[in-house]
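Only one structure is covered here, and it is reproduced in the block below.
The values are calculated or read from the model by the stated rules, or taken from the named source; none is laboratory data. In this text, all values refer to a predicted model and were calculated from it rather than measured experimentally. In this analysis, Cβ positions are derived from the backbone assuming ideal geometry, glycine residues included, and neighbour counts consider all displayed protein chains. The area values use the complete protein model at the heavy-atom level, side chains included, leaving out ligands, DNA and RNA. Shrake-Rupley method; radii C 1.70, N 1.55, O 1.52, S 1.80 Å.
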Amino acid sequence: MSDNTRQRRLAALRACDQILSGSRPTTMRERLADLGAGGDLDGQPDFYGDGPVATLEKRVADLLGTEAAVFFPTGTMAQQVALRYGADRTGHPTVALHPLGHLEAYERQAYANVSGLRSTWPTTAPRNPTAEEITAIAEPVSTVVIELPLRDAGFVLPDWDELVAASAAARAIGARVHFDGARIWESTAHLAHTLSEIVDLADSTYVSFYKTIGGISGAALAGTTPLASYARIWRHRCGGEVFQQWPAALSALAGLDRELARIPEYVRHARTVAAALTALPGARVFPEPPHTHRFRLYLPHPAQALNDAALALAEEEKVWFVAGWQETAVPGIAMTEVTVAAPALDWTTDDVAGVGERFLGRVVDQ
């Protein structure tokens, strides 16, 4: 996407009166105004991790039911430390990952290039590994990573019994369990268990503060007290011991207050939206019904034609439908990710159908 197209999309989205997928972009001034919702702006800023950063760490540990949580400037750094901890504790340099997982697809194999670890794939199927696949791993592994939800498979989750069995299977082969829980906040509805009950199945869990809950940046690694002590040492060694991070901490606290309680409502409404979208000619959603408030939508048109139609609808009618279309391996079929958040809650089934019809009416196949 060119810079000009990106700026047009952002400007059009900000100007829309109705938004089905995603949220209205905020300016830096608006983000600054929001910091007060996360804490006392007359208080002292953090000094290498105390103050609001320490408050955030305790809040996360309490939410997840862990002994401790450690703030990191990035999730990439947090996950590398978690995998290094497992390798150091078990003596095994191999970690079990999914090829669609964030560690493989988006972090440039940092676990290998930074920490000297190697990976094995229990499965290449578009879902997390099963207990049987974990049991069948042919070499000792230090950590089994489970991404909740698995984003690049369509934000898919196992069911609760499958997750329990996978965790037990990992422990049975002598491995730690690490949850890549960047979006774990949105997993409770499908799994029908609380955050603390889910996290209790893992030895360590990473959570993101800008994904789902809308913070500025940052992440946390949660687990035992020994893990936290190790994480603080390696955070410093990796360059993550930042002098002050209070804007990120305050925005994360505000996001936890504002968004966590609403996520189950987003998930419920995503199922309504997804059902309405499947009524459009040639449309398919996956998974059906969605496991979280995010899912994939497929349409039998070129991606560029769909993106052009979405932008035209936004600029001319001030209605944001769904954008970010990409070509798939199937010629003539494009895919995008739909995110049902607060702006979409006012959309009825009839609204989705009506706007969807107007959107498709603007699609010009080439």
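Assorted remarks:
- Here the contact order of the chain, divided by its residue count and restricted to Cα pairs under 8 Å and six or more residues apart, works out to 22 percent.
- Prolate/oblate/rounded label for region 205-260 (Cα gyration tensor, a/c 1.5): oblate
- P(r) histogram, all alpha-carbon pairs of the chain included - 10 Å bins from 0, percent: 5, 23, 30, 25, 14, 2, 0
- Surface accessible to a 1.4 Å probe, per residue, for the residues of the chain, Å²: 44
- Each residue was assigned an accessible area with a 1.4 Å probe, and for residue 263 the value is about 0 Å².
- When each of the peptides 232-241, 336-345 is scored by the mean number of other C-beta atoms lying within 10 Å of its residues, the order from highest to lowest reads 336-345, 232-241.
- Environment charge at residue 295 (Cβ cut-off 12 Å; Lys +1, Arg +1, Asp -1, Glu -1): +2
- Cβ crowding within 10 Å averaged over residues, with 23-29, 65-71, 107-113 ranked highest first: 65-71, 107-113, 23-29
- Highest average first, the peptides 40-52, 182-194, 137-149, 351-363 ordered by how many other beta carbon atoms sit within 10 Å of their residues are 137-149, 182-194, 351-363, 40-52.
- The slack in the chain from residue 113 to residue 28, taken as 0.36 nm per residue of separation less the alpha-carbon distance, amounts to 27.1 nm.
- Mean residue ellipticity (222 nm) of the chain, computed from DSSP H runs ≥ 4 via -39,500 (n - 2.57), nearest 500: -12500 deg cm²/dmol
- Percent carbon-and-sulfur accessible area, the chain, ignoring ligands, DNA and RNA, probe 1.4 Å: 52
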